[in-house]
1. I'm trying to understand the selection: among the residues of the stretch A:394-412, which are out of contact with any Asp or Glu (no Cβ under 6 Å at 6 or more places or on another chain) and over 22 Å from A:ARG129 (Cβ atoms)?
2. Hey, among A:LEU282, A:LEU312, which residue is more than 10 Å from chain B (Cβ to nearest Cβ) and crowded, with 24+ Cβ neighbours inside 10 Å?
3. In the stretch A:26-85, what count of residues is obtained for those that are in contact with a His (Cβ under 6 Å, 6 or more places away or on another chain) and closer than 30 Å to A:THR390 by Cα?
4. Checking A:GLU91 against (1) touching a residue at least 40 places away in the same chain (Cβ under 8 Å); (2) among the acidic types (Asp, Glu); (3) exposed (fewer than 13 other Cβ atoms within 10 Å of the Cβ), which single condition isn't satisfied?
5. Restricting to the stretch B:91-112, what's the tally of residues that are β-branched (Val, Ile, Thr) and within 12 Å of chain A (Cβ to nearest Cβ)?
6. List the residue pairs whose Cβ atoms are under 6 Å apart, where the first residue sits in the stretch A:213-228 and is closer than 19 Å to A:GLY177 by Cα, the second is in a loop (DSSP other than H, G, I, E, B) and of a type in the set (Val, Ile, Thr), and the two are 6 or more positions apart or on different chains.
7. Which residues, taken from the stretch A:321-350, are under 13 Å from A:ILE273 (Cβ atoms) and of a type in the set (A, V, I, L, M)?
8. Kindly provide the set of residues from the stretch A:535-562 that are more than 24 Å from A:PRO490 (Cβ to Cβ) and either out of contact with any Gly (no Cβ under 8 Å at 6 or more places or on another chain) or of a type in the set (Val, Ile, Thr) (or both), ordered by number.
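The values are calculated or read from the model by the stated rules, or taken from the named source; none is laboratory data. No experiment lies behind these values; they were computed from the predicted model shown. Quick reminder, even Gly has a Cβ in these numbers, built from the backbone with ideal geometry, and neighbours come from all protein chains shown.
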Amino acid sequence: MLSGKGKMRNILKTHKKLFIIGGIFVVIFFVAIFMFKFLVKVGSPKYIYNYMNDTAGGLETILYQNATAGANAVKAAPVDSTKPSVFGLTEQIQADGVEVDNFKRKEEIFFQKDYIKGFTDIEGITTFRGDYFRNLSSFGITTLNEKKFDLNYWTFETGKVLKSNGVDYWSGNGWTGQPMAVKWKEETKSIMNLYDNAAAKKDLVEVIYPGMDGWVHFLDMDTGKETRDPINVGMTFKGTASIYPNGIPLLFCGSGDAQTGVYGENLSPRFYIYSLIDGSLLYESGYNDSFAPRIWHAYDSSPIIHTETDTLIYPGENGVIYTMKLNTDFDPVKGTVSVSPSDTVKFSFTGDRYSEGGVLWGSESSGVVWENYLFLGDNGGIFYCLDLNTMKMVWAQDLLEDINSTPVMEIDEAGNKYLYVGTTAKYHLNEHSIGEAGIYKLNAMTGEIVWCKPYEVHYVKGLAGGVLSTGVVGEGPIQDMVIYSVSKTPSLESGYLVALDKKTGEEVWRINISNYSWSSGVITYPANGGAYLIQGCQNGDLLLINAETGEIIHKLNFGSGIEATPALFGNKLVFGIRSEKIIGVTLK
Amino acid sequence: MEVGMIRTVHKLKVIILLIVVLLVCSGFQIRKSSNAASPGILSKEELRSKKMGGVAARMPDNSVKILFESLLGLKLSSYHSYNTIPETLTALQSDEIQAAWFSDVTADYLLRTREDLREIISPDPTKSRLDFGLAVKNSEEGNVLKENLNAAISMLKEDGTLERLTNEYVENAEKAETFTDTEMESGNYGKTLYIGVSGAVPPLDSLNIWNKPNGFSAAFMDEVGKKLEYSIQFVVLNNETMFSALMSGRIDALFCYGSSPITTESEIPYLMTEGYYTMQKYKILVQKEEDDK
């Protein structure tokens, strides 16, 4: 009689082939499972290359000679290479519903520098990046003694809303998604529909946050508790709102996707004006606009308000820039506010490059203003200067790729005016779905490119790599630098945080981050010295970085992607994340 | 033999035990359902954490739940779709769901014709939600058909026929006389138009007890058929599958589908005609309590 071992050996010997074949099948089965999971992750066999290979990362900076000439001019004017006609663009203007060839604004708009760089009549962050140069990401005095985040942070639950495809949903807060943070005057607070404890709180800083869940949330920045009833709009907000800059309690926000319904209907995205006295809807516009060159309507751009003429300037992703006189009527004694928009003037342009499904019209980023000029980039790669008093392009520049990053303006001591902006790779991809995105410095008066720092990035499953965040133009200890995040380079999941020399575009420092970032970094210059960058990443990391050296000093992780841009008021930082939470963190 | 008998007895015991367990569980469920009969819902806020339902839509149940949570501004516990209006109403009566959505035209009709329902007031939108019209396939033939249907609808609007039909078969549907395909006059033309109906949006799209289109759909398409010189053949379809019937070419048009101007870039496989009825909003109906009827 055979022993156990003997029996086993016998079985193996007898059925040797069977075991070998069985073993092969098991291996094939597990390989197939792995491949299936990998393909689900990758989305398409054509992206396997991107998952397996890195890009070249940073490429050589291109410096353009003589491009800074005329940057200190007081009037913008094109050079030969930046005339709009060079790019075959045709412009359209519609004034009060009638298409016109020429337009002259009756009440002329001029944004003075003092007005743009920090609104004096209201305390807080009231637009994307705090002012209309888009470079004021923090308000008030920050003190960084311990140089770290307080581990005791508050969270507030948000939610989700259906996407227009009727299947997926938008959740939490995403790109650009920056909250407002306002310290209202006491007399304004007294007429608002605040809860009693919020109304009674001295020094209340109120977070006002339209989110992807279709709600406008109102929170105490200290505690995360609700300060008043939220507003249920029902349409997702992806971009960033604005508040009337002189403290009139008006909120301007635009929806980022249509609202689909059970009968197959699609309610067009639009922009809204809400009263912040009682949360009532005062006005909505920009839906189903036949003037728009593009079918898609969305309003991610943070609008601009010229208080002197009471004019709203609202760029749309449908390819239209809306301007209108608001006719604001605010009575702080009676506690009422209304708008009655009139004199609507719209601008759009098109060219051979544009088509549905190809190179697209429209702006997702926000604009910068100075004097009578609006500076803005579009999805088709055209960055331009628009004269707001004639609604004509002054100059245009072709940045070749999709412009999602909001420009940032700088006026140096010599009066030279520059713009910094980034692109995402979308239209000029190689056979491996890899392209070049760039960080650009432009002469704001002529539109010439001063320098370009390109990066090779991936483009996978409709998500472009490159610069989706808005840069920081350094001041004080980092006055020679601009700081940007670059996504999907060198690997698909990773990215860079880079500080570039303002004069040359060369990297001063670079941080390789394992998970890229779309969120715009917040810079603070604490009372006790230095410059510190606070950067959110797609993997939920929140980084505190010494902006002079690029050293990561502290890190917290919040478990889910930080796409939205934070706002910093004093030592309090607030931002939303995709997993349906708003978070308030204190800097120590 | 003895061993066989023991095995049989053992099997019988197991079966009996299983039956008893099943009976106990189902009894428990019935008891739970009847105990859980909710008090009458009087306000929108009371819908929080309740179960909602409605006729199957062109999106998954979870998506409909998210949509109505967004429209109502509160969280529901669950959402379930049903194939027909009667099934939805039965679910409401049996407390399987505590609230159901309907188009406003259907809700108003149900409130006029039934005493056991109450509307939960929800915010009015600033603009009407959609127009009901006919859906045709997005193709060359579909485009031609759409233009023809639009021309007919325009004529019916201009000569007041649509207004008359709406008044008779929608606003006063419960008082209207029967109008089915047997009453239709547009029956003798060489060309036939196959129109899909489901009975999911009464009184615009209703089916009688013999499952035949009755009222507005029949009367309206009769007039359209006469204008375009088409014979009209109705095809009664399940609400869930009617769209695929359109895409496959089994029917030429869906009678009742929602349209609003398209401002998204999703590829649209169908085209909408001009609308023949405007829906302002969705309405939410709940069951009244016994002593409330």
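1. Scanning the stretch A:394-412 gives A:TRP395, A:ALA396, A:ASP398, A:LEU400.
2. Going through A:LEU282, A:LEU312 in turn, just one is more than 10 Å from chain B (Cβ to nearest Cβ) and crowded, with 24+ Cβ neighbours inside 10 Å: A:LEU312.
3. Of the residues in the stretch A:26-85, 0 are in contact with a His (Cβ under 6 Å, 6 or more places away or on another chain) and closer than 30 Å to A:THR390 by Cα.
4. (3)
5. Qualifying residue count, the stretch B:91-112: 2.
6. Between residues of the stretch A:213-228 that are closer than 19 Å to A:GLY177 by Cα and residues that are in a loop (DSSP other than H, G, I, E, B) and of a type in the set (Val, Ile, Thr), the close pairs are A:ASP213/A:THR158; A:GLY214/A:VAL233; A:GLY214/A:THR236; A:PHE218/A:THR227; A:ASP220/A:THR227; A:MET221/A:VAL205.
7. A:MET324, A:LEU326, A:VAL337, A:VAL339 - these are the residues of the stretch A:321-350 that are under 13 Å from A:ILE273 (Cβ atoms) and of a type in the set (A, V, I, L, M).
8. Answer for the stretch A:535-562, where residues must be more than 24 Å from A:PRO490 (Cβ to Cβ) and either out of contact with any Gly (no Cβ under 8 Å at 6 or more places or on another chain) or of a type in the set (Val, Ile, Thr) (or both): A:LEU544, A:ILE553, A:HIS554, A:LEU556.
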